[in-house]
Structure formats: structure tokens, C-alpha cells
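Novice: This is the structure I want to talk about, given as C-alpha cells.
The values are calculated or read from the model by the stated rules, or taken from the named source; none is laboratory data. Being a predicted model, the structure only gives us computed values, none of them experimental. Using ideal geometry, Cβ is built from the backbone for each residue, glycine included, and neighbour counts are taken over all protein chains shown.
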Amino acid sequence: MIISSIIVRQLNLCDWQSVSHAMHTYTNQRNHESNDEIWLVEHPSIFTQGKLGIKKHILNPNKIQVIQSDRGGQITYHGPGQQIMYVLIDLKRCKVSVHKLINILEYSVINTLSYFEINSHNQLNAPGVYVQNKKICSLGLRISRGCSLHGLALNVTVDLDPFLDINPCGFANMKMTNMQHYNPKIDIKKVRVVLVSEFIKLMNYQYVLWTS
């Protein structure tokens, strides 16, 4: 195993439960020689509630399922057109702190948005990425055995209406946005390539294998 290598898996559209189970299985079985991996996925419509989530942030229960997650943070929405990037990283081996990983994830998105000529920023004490104070990317991690699970969800062309039924990430009156609002011809396939490239650069990986 070369420490400076990473595998990128393109999972396309997959249900949240199956991917979550696979992430935990991989993390529980991995050892010091296991590959770091990035999983790129879109999920069918679902709300996920973080481990500290509380019901009051569900404003309007509807037909979209709410499922409990062990990631950090409160409730959020996932749906087609949202690029999710799960990062399965051995933080001890990479000598990266949790705080540093969050920072790298945020700047991977900020740099990606800049590539598409969208100005964005992060915020102190409110992880994620924002455009004109509207949230465009949410973060949620879990650390197990020194390794990360979960990751980020970047709104590309996703329908924003379901976010109106919750307090996104536990913040009342949080406005959400997506890349399509600023670039109507945005291509999610191009976005994911740039996003991965920016993350790899910031993490200093030297060898990358793309697979399905």
C-alpha cells in the first residue's frame, strides 16, 4: 500500500442505507494497509438526521423518509442532483486532524465553485460552504478507529424545495442554494471531477485510481 494513493469510486445513484452500511463495513474491516477511498454518489430523496439531531428541526413531516445517521450535525436533505462525496480516510496514517479534514473539505468545495466562477466562503462555527450567506454545501463526519466516514453534500442541480420542510443543519431560516442557480448549464459530471481533483491536491495524494 502506498500511503499517498487513493481510490475514487463512482457509485452513481444509490440508496442511502446501502451506502451507509457499506461504509461502516469497510471502516470496521480496514487495517493500516487498506486504501483510502472517495465514494461519489447521489441518493434518492431522503432526510438524514445527525447523531445529535432533534425532532423540532423537522418543520413539516411529509412523504420523504427521515432516517437516523451516526454522522455529526443535524438534519439535512439528500436528493438527485446533489453531489455527495464520502471520504474514507485513515487520518492517523495521513497525519490529518478532524479539524484539518473539515477545512480541506470546505476548501475543496470553495475551489471547485471558484472554477465555475461562483464566489463562496466558509463560516466560523457553522461547517459548510456558503454563497452570499446561502448554504450550498453541507458537511457531516464520523470518526471511527482513527478513520473518517461520511463527508460532504454539494448542491449542484438538486431540487431545493424539500429543504423548506426542515431547519437545514439545525439552523432556523437557513436559506439553501445550488450551483445551477448561478450557472444554468452546470454539468454534475464535470463538477465531480473538479471536486475530487481539488480534494486530492489539498490532501497531497500522488496516485489516484478511478473505478466504479
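Novice: Being at pLDDT 95 or above, assigned to a helix (DSSP H, G or I) and either touching a Cys at 6+ places or on another chain (Cβ under 6 Å) or not aliphatic (A, V, I, L, M) (or both) is the filter here, so list the residues in region 84-118 that pass it.
Specialist: Within region 84-118, H99, K100, N103, E106, Y107, S108, V109, N111, T112, S114, Y115 qualify.
Novice: Taking K185 as the residue in question, decide whether it is free of Cβ contacts under 8 Å to residues at least 24 places away in the same chain, assigned to a loop (DSSP other than H, G, I, E, B) and farther than 22 Å from T211 by Cα.
Specialist: When the stated conditions are applied, K185 passes them.
Novice: Then there is this: Is it the case that some residue within region 3-24 is among the small types (G, A, S), within 22 Å of C94 (Cβ to Cβ), at pLDDT below 95 and surrounded by 15 or more Cβ atoms within 10 Å (Cβ to Cβ)?
Specialist: no
Novice: Cβ-Cβ distance below 6 Å, separation of 6 or more or different chains: which pairs start in region 112-124 with a residue that is closer than 18 Å to R192 by Cβ and end on one that is of a type in the set (D, E)?
Specialist: T112/E198
Novice: Of the residues G72, G50, which is small (G, A, S), modelled with pLDDT of 80 or more, touching a Cys at 6+ places or on another chain (Cβ under 9 Å) and under 27 Å from M203 (Cα atoms)?
Specialist: Step by step, each of G72, G50 is checked, and only G50 is small (G, A, S), modelled with pLDDT of 80 or more, touching a Cys at 6+ places or on another chain (Cβ under 9 Å) and under 27 Å from M203 (Cα atoms).
Novice: Quick check on region 47-55. Is at least one of its residues surrounded by 12 or more Cβ atoms within 10 Å (Cβ to Cβ) and over 27 Å from G146 (Cβ atoms)?
Specialist: Yes: one or more hits.
Novice: State the number of residues belonging to region 15-41 that are in a strand (DSSP E or B) and in contact with a Cys (Cβ under 8 Å, 6 or more places away or on another chain).
Specialist: Total satisfying the criteria: 2.
Here is a yes/no grid of residues against (1) touching a helix residue (DSSP H, G or I) at 6+ places or on another chain (Cβ under 7 Å); (2) buried (at least 24 other Cβ atoms within 10 Å of the Cβ); (3) under 30 Å from E33 (Cβ atoms); (4) aromatic (F, W, Y):
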position	(1), (2), (3), (4)
N125	no, no, no, no
Y130	no, no, no, yes
K135	yes, no, no, no
C147	yes, no, yes, no
L152	yes, yes, yes, no
D159	no, no, no, no
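Novice: Continuing with this model, one more query. Regarding region 97-111, can at least one residue be identified that is surrounded by fewer than 17 Cβ atoms within 10 Å (Cβ to Cβ) and in contact with a strand residue (DSSP E or B) (Cβ under 7 Å, 6 or more places away or on another chain)?
Specialist: Yes.
Novice: Which residues, counting only those in region 114-155, are over 25 Å from A172 (Cβ atoms) and out of contact with any Leu (no Cβ under 8 Å at 6 or more places or on another chain)?
Specialist: Residues satisfying the conditions are S114, Y115, F116, E117, I118, S144, R145.
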